[in-house]
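Report on the structure given below.
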Amino acid sequence: MLQRFISVFFLFCSLSGFNVQAIDIPQNLQQWTGWTQYQQGFRQCPSLNGALSGDKNSHLCAWPGVLTLDVEETQAQFLQDWTLLDESRLPLPGSVSLWPQHVRVNGNPVAVMEENSAPYVLLPKGAYRVTGDFVWKKRPESLIIPSQVALLDVRVNQKPLPFVTRDRNLLWLGYVSQNQVQEKDFLKVRVNRLIKDGHPMLMTVAIDLDVSGRAREQKLTHFSLDNYQLMNVDGDLNSRLDNQGDLWMQLKPGNHRVNLVFKIHDFPESLAFVESGDDWPLQEIWIYQNNERLRSTQIEGVAAIDSDQGFVTEWKALPHFVLNRNDQFTIKERSRGMTHGSDALSLSREMWLSFDDEKYSFFDEIKGSKSENWRVNTQLNYVLTQLSNHHEPRLITYDNQHRTGAEIRTPNIDIEASGEVSRENMQQATGWDIPFANSSISLNIPPGRKVFNIHGADYSSGDWVSQWTLIDLFFVLVTIALVFRFFGWISSLFAFFTLLLGYHEASMPIFLWFNLVVAFVLSWTVQTGKISKILNLYKWVSVALLIVTLLPFLANQIRYTLYPQLERNQSLNYPSYPLGSPDLVLADAVQSPSEEYKTKSYSQHLKPQAEKRIVITGSRVKRVDVDTSYEAGAVIQAGKGKPKWMWQQVSYGWNGPVSGDESVRVTVLSSLMVKVLRIALIVFSLLWLISLCQKVLGGGKISSFLEQKLPPTDSSDPDKKSSVSLKSSHLFSMLIVVALLAGGMLQQPLNATEYPNQVLLQELQNRLYPSPDCEPDCVSLSQASLKVNGLDLTLSLDYQSAADKAGLLPQSQDWHISSILLNQKTVHAVWQNPQGQWLQLPKGLSKVVIQARLKDKSELTVQFLEHPKLFQQSIQGWEVSGLNQNHLVGDSLQLTRVAKFSHSAANSDMAQANEKPIAKEQSILELFSVKRSLSFGTQWRLETRVSRLAPRIGSVTAKIPLLDFEQPLEMTENIKEGQMMVVIAADSQSVSWHSSIQGKAEFELHALQNKSLIESWDMVVYPNWNIQLSGVPLVRPETVDADDIWVYQYYPRKGESLQLRLTKPPAVQGASLAITEVQQKYSLSKRKTTQDLVIHYKATRAESLVLNLGEAQLKSLRQDSQLINLAQDGNSITLNLKPGEHQL
């Protein structure tokens, strides 16, 4: 019996939620992971190739970018980008004698510390831009810079120093240049450029001119017409751009401003600052305005500056960059269109288990925002019976997997849906094939059942398992321990089952049980003196209180066993139905304003209407304008009535995101099982009470009967008897300790019982941070390709890395690196130490391209610290040594100049330029925007709108190709050879025409190839169609309102296409009438019975309802409080129901 008790006890502990998760690390070491990870963040940083990982000095966590120094006679400014992969000390240029001032990190002041006479700042993991300056009375000849910095960009008095003299950490600045003498005619030009991302991309060149001297016409610069198309010129100086691309201005003394607006052809990856002229600045400020709606971009290859340095006030809020001539303004496209969905939906569900325990009925409210997957589907075993969005019913259809759902087109979701699922198939968390940000579910079960456990949810309440707390367990164990110690194990067994089964039952006298046990123990212990009499009285009062409380409780348990409907959860609010005269019932049944609104919505929705013409303005399309009814014959499902009964209710849900395929298991005890448990509770409660009383009174039949069934013990031997009692006491004490430990494990993690040794901790650390098997040499240079043309060098390197490592780059004192590309991406972070310059390489194959400018000297040397397996070269004007049959003999390559460059080619070009035809002024070419708006509903329509972009004045004409499936309904006389001849008058900005779309299931839209036509596509899809789109990325509309319908927007590029496939999902069969509530009231008399009947119904269309009255006589009939004159036909009446929600 004791073994059974132990088994049951541990079963009880396991049912209370005890759970141990399987982990890779042994449990006794799991809590030591934080200890072994302390100050080990550097292990996430790449390590030097050739060195073993694990040594902090072998890991590179601070990666410096280009150090930009702008040195002048009295001051200097520096700027540098750093990437820190772990907390690191970031060294700064300067020393104790030349201490950096006004140091800022990402624009914020920071404290500068000193170590070994060198300045540094301590920063956590992240990306930083560090700026600062130096102040001196006389410019020094040298400046100390961090030895880790590999790339430099130095300017002295605004003149770049491409080849600097550097001795480790000492940078030589050289001598100061003298100012040039001013000429009589003075012209100072400053240029700001705005690159505006969009469709198309635009470039606005703002030119600020300070002019003195005589009035004159002067050529300022040259623009490449292959890359740009002029759209507009404005300013206070006469300006022209000729057909060669030369910009001419008529200058006059004063300060002037001229703006030129260009269209940038296509979407280039980079723009070059190549414009030049005698007075054109060597440095420009470029401003970039991104368009996150169309694409996500990042600017690379140029340095950002303070926006106050720009002179255009309207552009101050945009990022500014400084470019020197021939710099590349790289626009890196990270993503395009809607790269990820921003659905944020919440689910609130009410469920009812049917009385036959066969199925669940659910009623859901789904709210939030949606931007993709415009069909909402349930899981395969869930069947929708009704769905509405914004109180407007939706037609439920099947998808290609035979799942029920509906087409939704509003970005803001307000869905009310109902459906059914069988009990054995109710396994998914939500039953919907859409993710939710949070979900809450309440479940109502019929009387006589109990929810034992809910597994898989973040939280639950109301089920048997979740009701147990540590305090409950402690109280039960203490009570059982007292009973076992003083009354024996038989009474403790009765106590265990009584408390286990009835602890959470309503009106269970838990504390009176405990009080009775304490009273018995005290009266048993103290048996002399006056106190014994008081305790004896206290004992019998406790018995009386328990009996008075326990008997009604047991009586209720018997009632609930026989009639489960009598049990109700007192914490629930039950619906109350109106009682009294029929007038009161009808008065309460008058339709409320909200119901009138719903009725109006249903009526408007179901009223036959002709489809209105849709005019799409921007991205705003009102739901009332386009969300018209379904085709004739489509029956919108009304669903079923929502139950209002509540006996037992449990709730569960998820605080965070939950997907549709996650599982949940609800264990509901059947009515038979609940009856058995109630009977067991009654029996064990009585047995416990009797055993306690009999034990105090000196034994009884129960104790005698059980002792006869157990193995006999020699009670005459007091030593043996005490030994048995002692062993039982020790056994039970051990059991209590084990149970308490198990209970503690429910809430608290396991604690280490002893300190593991250093070898074990080191092994744990090695497993947490495994070293690559390839160490120490994980990087190899499979091929190098060198191209030299004059002084321009391009070196391509093919690295192969078996792990994330830092690899050595070739280096030379005779070149100035202009750019480094890693897998076609510009790299700014290069680290340097005495071994060489290091580049972070990802695992796999990496293509590194170094572009550099060579010194104009007779001999050059390039060192290859990582030996290439194969070397290829294409060199002009130099003699190569150090190669043998495409293999590098040593670790360096020597280049020897064979001939000096001549200027003959340049002279030849000038001669050819003199023979060019006279340049003419370029007129502003025509540029149009073509917007095609497609609408797919009961009829398929197309609107094409052509708007002028340039020129802004005058009459313009355009030829717009028609679509293959387009049939114009207007302006048919302007169609020639499949093109619409469009004329936009001088006082107009656009023109449009409407067309019908020839019906077919699949379409394909192709972007126009004409550079003068900028095309975009908009689509509105009615909810009775399902559309599949592929090709051009979808773009989020500019504005989304709660009353808008979703508009598909696309901005195609040259040569792109969009595929469309439209299908009409089959409708789910369902009734259009639902009786949502019935209220009955009977008034009994000796001869007749009067019955008042109130019926609430919901209909999606006009319906007829036949009521069978039996032998009754109809006295009055009202619909929505209005009296209806309707004669009774025999035993029945036929009612004409109205669409919407109403009362009879």
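The values are calculated or read from the model by the stated rules, or taken from the named source; none is laboratory data. All values derive from a computational prediction rather than experimental measurement. Neighbour counts run over all protein chains shown; Cβ positions are idealised from the backbone, glycine included.
Structure data summary
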| quantity | calculated |
| --- | --- |
| Region 782-800: number of residues that are among the aliphatic types (A, V, I, L, M) and more than 21 Å from Leu845 (Cα to Cα) | 3 |
| Answer residue from region 473-496, given it is among the aromatic types (Phe, Trp, Tyr) and buried (at least 21 other Cβ atoms within 10 Å of the Cβ) and is farthest from the chain's Cα centre (by Cα) among those | Phe487 |
| Filter result (in contact with a Ser or Thr (Cβ under 8 Å, 6 or more places away or on another chain), free of Cβ contacts under 8 Å to residues at least 40 places away in the same chain and over 19 Å from Arg257 (Cα atoms)) within region 297-316 | Ile299, Val302 |
| Wholly enclosed strands (runs of 3 or more DSSP E) of region 961-1072 bearing at least 1 residues touching a residue at least 12 places away in the same chain (Cβ under 8 Å) and within 30 Å of Asn412 (Cβ to Cβ) | 990-997, 1002-1006, 1013-1021, 1026-1031, 1048-1050, 1057-1063 |
| Any hit, region 1045-1055, residues being hydrophobic (A, V, I, L, M, F, W, C) and more than 30 Å from Glu392 (Cβ to Cβ) | no |
| Number of the condition not met by Val517 [criteria: (1) modelled with pLDDT under 90; (2) over 20 Å from Ser685 (Cβ atoms)] | (2) |
| Odd one out for Lys263 among (1) surrounded by fewer than 17 Cβ atoms within 10 Å (Cβ to Cβ); (2) touching a residue at least 24 places away in the same chain (Cβ under 8 Å) | (1) |
| Ala919 being assigned to a loop (DSSP other than H, G, I, E, B), at pLDDT below 90 and among the hydrophobic types (A, V, I, L, M, F, W, C) | yes |
| Gly310, sole failed condition from (1) closer than 20 Å to Pro162 by Cβ; (2) surrounded by 15 or more Cβ atoms within 10 Å (Cβ to Cβ); (3) not hydroxyl-bearing (Ser, Thr, Tyr) | (1) |
| Single condition Lys1115 does not satisfy, out of (1) under 29 Å from Ser418 (Cα atoms); (2) among the charged types (D, E, K, R); (3) part of a loop (DSSP other than H, G, I, E, B) | (1) |
| Qualifying positions in region 281-299 - part of a loop (DSSP other than H, G, I, E, B) and either acidic (Asp, Glu) or in contact with a His (Cβ under 9 Å, 6 or more places away or on another chain) (or both) | Asn291, Glu292, Leu294 |
| Qualifying positions in region 381-428 - aromatic (Phe, Trp, Tyr) and assigned to a loop (DSSP other than H, G, I, E, B) | Tyr382 |
| Count of residues meeting criterion [within 25 Å of Gly656 (Cβ to Cβ) and either touching a helix residue (DSSP H, G or I) at 6+ places or on another chain (Cβ under 9 Å) or not in a loop (DSSP other than H, G, I, E, B) (or both)] in region 432-452 | 9 |
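Residues are listed down the side, and each one gets a yes or a no for (1) modelled with pLDDT under 85; (2) over 30 Å from Gly462 (Cβ atoms); (3) not aliphatic (A, V, I, L, M):
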| position | (1), (2), (3) |
| --- | --- |
| Gly618 | yes, yes, yes |
| Val624 | yes, yes, no |
| Thr628 | yes, yes, yes |
| Gln637 | no, yes, yes |
| Gly641 | no, no, yes |
| Trp645 | no, no, yes |
| Tyr652 | no, no, yes |
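A quick yes/no check of all residues on (1) among the hydroxyl-bearing types (Ser, Thr, Tyr); (2) outside any strand (DSSP E or B); (3) at pLDDT 90 or above:
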residue	(1), (2), (3)
Glu217	no, no, no
Leu225	no, yes, no
Gln229	no, no, yes
Leu237	no, yes, no
Arg240	no, no, no
Gln244	no, yes, no
Pro268	no, yes, yes
Leu271	no, no, yes
Glu275	no, yes, yes
